[in-house]
Amino acid sequence: MSGRLEIDLGAIVANWRALARHAPGAEMAAVVKADAYGLGARRVVPALRAAGVRSFFVAQLAEALAIADLVGPDAALYVLNGLMPGAEAACAEAGIRPVLNSLDQLDAWAAEGRRRGRELPAALQVDSGMSRLGLSPDELQRLRLRLDAQEGGASPLAGARIALVMSHFACAETPGHPANAAQIAAFEHALSGLAEILPEVPRSLANSSGIFLGPGVHYELCRPGIALYGGNPTPERPNPMRPVVRLFGRVIQTRVVPEGAAVGYGATWRTAQASRIATVGIGYADGFLRSNSNRGHLVWPGRPDIALPIVGIVSMDCLTVDVSALGHQDLPPGTELELIGPQRSLDAVAAGAGTIGYELLTGLGRRYQRVYLDAEEHETCE
Ligand SMILES: *Cc1c(COP(=O)(O)O)cnc(C)c1O
């Protein structure tokens, strides 16, 4: 085991409740794609389900199949990347709802429903300006024309029941970005075009950051991901969410080296004076990025006020830290040093490595001992 990753399920639930309070009147869903942002969907989903989450979103059908039993028949499970050709039967069989991203996907889903003699639920995504997924304005127009042209015959929508119309923000974490207003206007325009065909269908636009853009974008359902897991949805302001993860690495060995000693691959660091170097058993194969080389620091929980700088290149399986500032403090093998936690937030570590909390979390590797603090604060290990 390279280190210990502590995941606070109670904090995830508390974050979900805080978001729900922030958007009264809207359903607060939960995005659990990429194995709940790397934290373990099979642990996160039951905690959120018990707290009252009724809609879950993943990216891929395989992810949905892996948690469908935990979501159960009384909650909705959506696949954001939509329907891949040929996946219709598996998706319908498991009661999973695709987010339909094109007219072709809508047609394929409706045909599957007609084959089964029922209306299969799905979400319909419209592209409001991100140019990534969803029906283009042109496709929406074609859909309206087809529905207008239908004279007494079966509706092209027969077989599909649209349970949600959604779109996605590109710049929600920057409240002043002009793209936000433009996307809201484009979403409203698409909705008005669909109003006759799909009256009263719940609408959804906001991800975590979108929730903080104001009540006008909450609509009937919000889709937070990163804020549940402790990332700051309002990067221009202090983080309103509770931290969820703590990451500890273990000291493998320490050594005292003379002034001018080279540390690590490429000899990119040389000590300015005699120094004590600790080697910690976490490396880039554990998702602790190589871009942390010669940047950032760890702390020993016994003296959280003292920063222990990362020196040298981060290796695959270990990294080196200058622990001289701890003086003669004994750091025997197995001593834990904190990489992410109260002293260094997820977002700060990510920024220091030139990335974002999303990438850091989803990249944390498989070699950690994962310790879950459940909603009742009991520890369970995996
Ligand atoms: C990932 C994703 C979300 C969640 O986004 P966060 O920024 O993590 O809250 C919501 N909607 C869609 C379409 C997504 O792809």
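Coordinate-derived values only; no laboratory data. Note that this is a predicted model, so its numbers are computed, not measured. All Cβ positions, even for glycine, are placed from backbone atoms using ideal geometry, and neighbour counts span all protein chains on display.
What spacing in nm lies between the two simple spin-label points modelled at residue 132 and residue 355, each 7 Å away from Cα in the Cβ direction?
Distance between the two pseudo-spin positions: 1.7 nm.
By what distance, in whole Å, do the Cα atoms of the chain stretch along each of the three principal axes, largest value first?
88, 42, 38
Can you say what percent of the DSSP beta bridges in the chain, counting only those with both residues inside, are antiparallel? Round to 5.
Bridges in the chain that DSSP calls antiparallel: roughly 50 percent.
Going by alpha carbons, how many degrees (0 to 90, nearest 10) lie between the helix axis of 103-116 and the longest principal axis of the chain?
Once rounded, the angle reads 70 degrees.
Order by neighbour count: 291, 128, fewest other Cβ atoms within 10 Å first, most last.
291, 128
Stretched out fully, how many nm does the piece from residue 371 to residue 316 gain, at 0.36 nm a residue minus the Cα gap?
Roughly 17.5 nm would be gained on extension.
Around residue 185, what is the net charge, scoring Lys/Arg as +1 and Asp/Glu as -1 over all other residues with Cβ under 15 Å from its Cβ?
-1
Would you mind classifying segment 84-155 by shape? Square roots of the alpha carbon gyration tensor eigenvalues, ordered a ≥ b ≥ c; an a/c under 1.5 is rounded, otherwise it is prolate if a/b is larger than b/c and oblate if not.
Verdict is oblate for segment 84-155.
Is the shape of segment 4-80 best called rounded, prolate or oblate, per the rule: a/c under 1.5 gives rounded, else a/b larger than b/c gives prolate, else oblate, with a ≥ b ≥ c the square roots of the Cα gyration tensor eigenvalues?
Judged from the Cα gyration tensor, segment 4-80 comes out oblate (a/c at least 1.5, b/c at or above a/b).
Taking a label point 7 Å from the Cα of residue 268 along the Cα→Cβ vector, which residues of segment 276-300 have an amide N closer than 15 Å to it?
283-285, 288-297
How big is D for segment 48-193, in µm² s⁻¹ as a whole number, if Stokes-Einstein is applied with the Kirkwood radius of its Cα pairs at 10 °C and 1.306 mPa s?
98
For the chain, what is the calculated [θ] at 222 nm in deg cm²/dmol (nearest 500), taking -39500 (n - 2.57) for each run of four or more DSSP H residues and dividing by its residue count?
-8500 deg cm²/dmol
So how tilted is helix 61-71 from the main axis of the chain? Cα-based, degrees 0 to 90, rounded to 10.
Around 90 degrees separate the two axes.
If you average over every viewing direction, what projected area does the convex hull of the Cα atoms of segment 289-382 give, in nm²?
One quarter of the hull surface, i.e. the mean projection, equals 7.1 nm².
Report the residue, chosen from 217, 13, 32, that carries the largest GNM mean-square fluctuation when the chain is represented by alpha-carbon nodes joined by springs under 10 Å.
Greatest mean-square fluctuation among the candidates belongs to 217.
Where the eigenvalues come from the Cα gyration tensor of segment 118-185, what are the semi-axes √(5λ) of the equivalent ellipsoid, largest first, in whole Å?
30, 14, 8
Could you work out the local net charge near residue 76, counting Lys and Arg as +1, Asp and Glu as -1, over the other residues with Cβ closer than 14 Å to its Cβ?
Result for the local shell: +2.
Kindly express, to the nearest 10 degrees and within the range 0 to 90, the angle between helix 137-149's C-alpha long axis and the longest C-alpha principal axis of the chain.
The angle comes out near 20 degrees.
Expressed as cubic angstrom per residue, what is the convex hull volume of the alpha carbon set of segment 67-126?
Taking the convex hull of the Cα positions in segment 67-126, it is 81 Å³ per residue.
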